[in-house]
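Data block below; observations after.
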Amino acid sequence: MKFFTAFLFSIFSIFCQAQTIYSKAYGNSQNPPVIFIHGGPSGNATLFEGTTASKLAEKGFYVIVYDRRGEGRSKDENATMTFKESFADLNQLYIKYKIKKAHIIAHSFGGIIGTLFTRQFPKKVSSLTLAGALFTQQETYDHILKEAKIYFKNDPAQLKEISEIERLDKNTAAYRKRCYEIAGKMNFFKMPSPTPESENLREEYEAGEFYKNNIRNPDSPAKFYQNEPLNNLDNTAVLKEIKRKGVPIFCIYGKNDGIFSEKQLNDLKNIVGKGNFKLIDNCSHYLFVDQQDEFFKFIKLTLK
């Protein structure tokens, strides 16, 4: 009887967990599965889903999008925002959509999660694609602040703010937040010369239902730094380990994504190999919107 009760409880727990996770699949389930991991903490997959998911599915993939527990449309006040929890969310997708192995496309902070998940579960990953993804976090923050000192060299107020940021504990949500705020002031997340195609994609997104559901939990970053001891990571060694295990790694970045230094991108290219690395001109952080055609060409070429 005790065993039966425990079994029912475990089934109920899995069911409840599944209910807290927003997810949706696009395309034919017989096609190669692709899971998109969004950025954050305090992110969601609405931009990718609203502009890119169905079009990528039309190119011969079974595309699965989701919002992590406690973020976006996956509301959960009890979410811990830890990597362990993120891995549980991903593993739940494998069960829900009856897949044994999937290509992972990881964007921004999702790159940290995708990289760590691939190291822990290499047999579940057909390939890992870092798309404008973080991999050496402190180098990114150092680069942002270094560029900010040049950009704001004649602005005493901004220089004072930069000095304040540099004095903060680097393993805190406040430090991360203020670094990215400075990056935003320098337009590091915007493509230099928007094309008609990119403008149309954003206008359609902002006029549609996905934008209305662009929900962000402002408490997510603080909870992540409070509950997750592994933060501000350098995943260089992890990527090399994944490569040794035989999981293909592909990287696609915007040439004008200001949060990454030239050195960082060259280091990444040296790890994965020149043929597995692509840098897109006139493109910043949201490359699947900035230069969607180039993004599709790379994905179709590498994942097929």
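Here are some notes:
- Residue match in segment 196-207 (condition: of a type outside the set (A, V, I, L, M, F, W, C) and either touching a Lys or Arg at 6+ places or on another chain (Cβ under 6 Å) or not in a helix (DSSP H, G or I) (or both)): no
Residues are listed down the side, and each one gets a yes or a no for (1) of a type in the set (Phe, Trp, Tyr); (2) modelled with pLDDT under 95; (3) in contact with a Leu (Cβ under 8 Å, 6 or more places away or on another chain); (4) under 24 Å from LYS300 (Cα atoms):
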| residue | (1), (2), (3), (4) |
| --- | --- |
| HIS107 | no, no, no, yes |
| PHE117 | yes, no, yes, yes |
| PRO122 | no, no, no, yes |
| ALA133 | no, no, no, yes |
| GLN138 | no, no, no, no |
| LYS153 | no, no, yes, no |
| PHE189 | yes, no, no, no |
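- Whichever residue in segment 145-195 is basic (Lys, Arg) and part of a helix (DSSP H, G or I) and, among such residues, is surrounded by the most Cβ atoms within 10 Å (Cβ to Cβ): ARG176
- Flag for GLY72 being among the small types (Gly, Ala, Ser), touching a residue at least 12 places away in the same chain (Cβ under 8 Å) and either assigned to a loop (DSSP other than H, G, I, E, B) or out of contact with any strand residue (DSSP E or B) (no Cβ under 8 Å at 6 or more places or on another chain) (or both): yes
- Among (1) at pLDDT 95 or above; (2) closer than 30 Å to GLU85 by Cα; (3) among the charged types (D, E, K, R) - the single one GLU197 does not satisfy: (2)
- Within segment 243-266, considering residues that are part of a helix (DSSP H, G or I) and either buried (at least 22 other Cβ atoms within 10 Å of the Cβ) or not aliphatic (A, V, I, L, M) (or both), the one farthest from the chain's Cα centre (by Cα): ARG244
- Qualifying residue in segment 83-91 (condition: surrounded by fewer than 24 Cβ atoms within 10 Å (Cβ to Cβ), at pLDDT 95 or above, of a type in the set (Lys, Arg) and assigned to a loop (DSSP other than H, G, I, E, B)): no
The values are calculated or read from the model by the stated rules, or taken from the named source; none is laboratory data. The structure presented is a predicted model; accordingly, all values stated were derived computationally and were not measured. Please note: Cβ atoms are built from the backbone with ideal geometry, for glycine as well, and neighbour counts cover all protein chains shown.
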